[in-house]
Amino acid sequence: MRRNPRDLTRYTPGQRATHWVVGISFILLGMSGLAFFHPAFYPFTMLFGGGTWARILHPIFGVLMGLAFILMVIRFTKHNLMSRVDWQWIGRIGEMVNGNDEGMPEQGKYNGGQKLLFWLLLLGMLLLIPSGIVLWRAYFDFPVEWVRWAAVVHSATAVVMICLIFVHVYAAIWVTGTIRAMWYGTVTRAWAKQHHRDWYRQVTRD
Ligand code: HEM
């Protein structure tokens, strides 16, 4: 939705739909998965119709998230290639966190932190999904040693991924005007100029 005719398009409806399939399945996966991780989280199974249903549905959400994430990787990888400027931005992230972002290196469509997070999420998915398949004993029959290793890799990666997504969501809320990029697909010119000046120049030729 273009609230103002001068707003800039950041995401197409297809890109937003793919992101929200990943986001919603991640939340469902987190809740159903944590229920098997520690008894304190077991009440989450109520949301899925009980323990048996949570166990059946968890890997199905995983397949959904994996497929949607592949689409995201195809669409977003080219915008997340790290450059020297991105590493400089990461080296000065303290200034950004303290609200002194005027002197930060100018950023393209994504800043160094977003790009680094993208690659960490990709690495996480590459560990999470194959280890999840090894653990999906209703359909696959891998040797028991593999299943034991997969359980360690899967749960450790899931905990790290949940922490990374907390950072992602916190940053999206903290930088005012970002959530609407994924919600309506557009951002204001002022937002683009302040946070992604190089991208602003590319899309406006200003
Ligand atoms: C569930 C809560 C989530 C919220 C509120 C959220 C919010 C957002 C927002 C607002 C953006 C736009 C940022 C910008 O254009 O500068 C974004 C981008 C993105 N999100 Fe999420 N997100 C969520 C979950 C996820 C999950 C679970 C993943 C992947 C596992 C994910 C991966 C991404 C990626 C890859 C981008 C594009 C940034 C890039 O390519 O570097 N998000 N998200």
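The values are calculated or read from the model by the stated rules, or taken from the named source; none is laboratory data. Bear in mind the structure is a predicted one, so any value in this text is a computation, not a measurement. Reconstructed Cβ throughout: ideal geometry from the backbone, glycine too, with neighbour counts over all protein chains shown.
A few remarks follow.
- Considering segment 68-88, and only residues there that are assigned to a helix (DSSP H, G or I), among the hydrophobic types (A, V, I, L, M, F, W, C) and within 13 Å of the ligand (Cβ to nearest atom), the residue that is surrounded by the fewest Cβ atoms within 10 Å (Cβ to Cβ) turns out to be I74.
- Residue match in segment 166-185 (condition: touching a residue at least 24 places away in the same chain (Cβ under 8 Å) and within 16 Å of Q107 (Cβ to Cβ)): yes
- Taken as a whole, segment 99-112 holds no residue that is assigned to a helix (DSSP H, G or I) and surrounded by fewer than 18 Cβ atoms within 10 Å (Cβ to Cβ).
- Which listed residue is small (G, A, S) and either under 22 Å from the mean Cα position of the chain (by Cα) or within 30 Å of R201 (Cα to Cα) (or both), from A54, A17, A40: A17
- Among residues of segment 173-187, those that are near the ligand (Cβ under 10 Å from one of its atoms), surrounded by 15 or more Cβ atoms within 10 Å (Cβ to Cβ) and either of a type in the set (S, T, Y) or part of a helix (DSSP H, G or I) (or both), counted: 4
- Single unsatisfied condition, R205 versus (1) in contact with a helix residue (DSSP H, G or I) (Cβ under 9 Å, 6 or more places away or on another chain); (2) at pLDDT below 95; (3) surrounded by fewer than 19 Cβ atoms within 10 Å (Cβ to Cβ); (4) of a type outside the set (A, V, I, L, M): (1)
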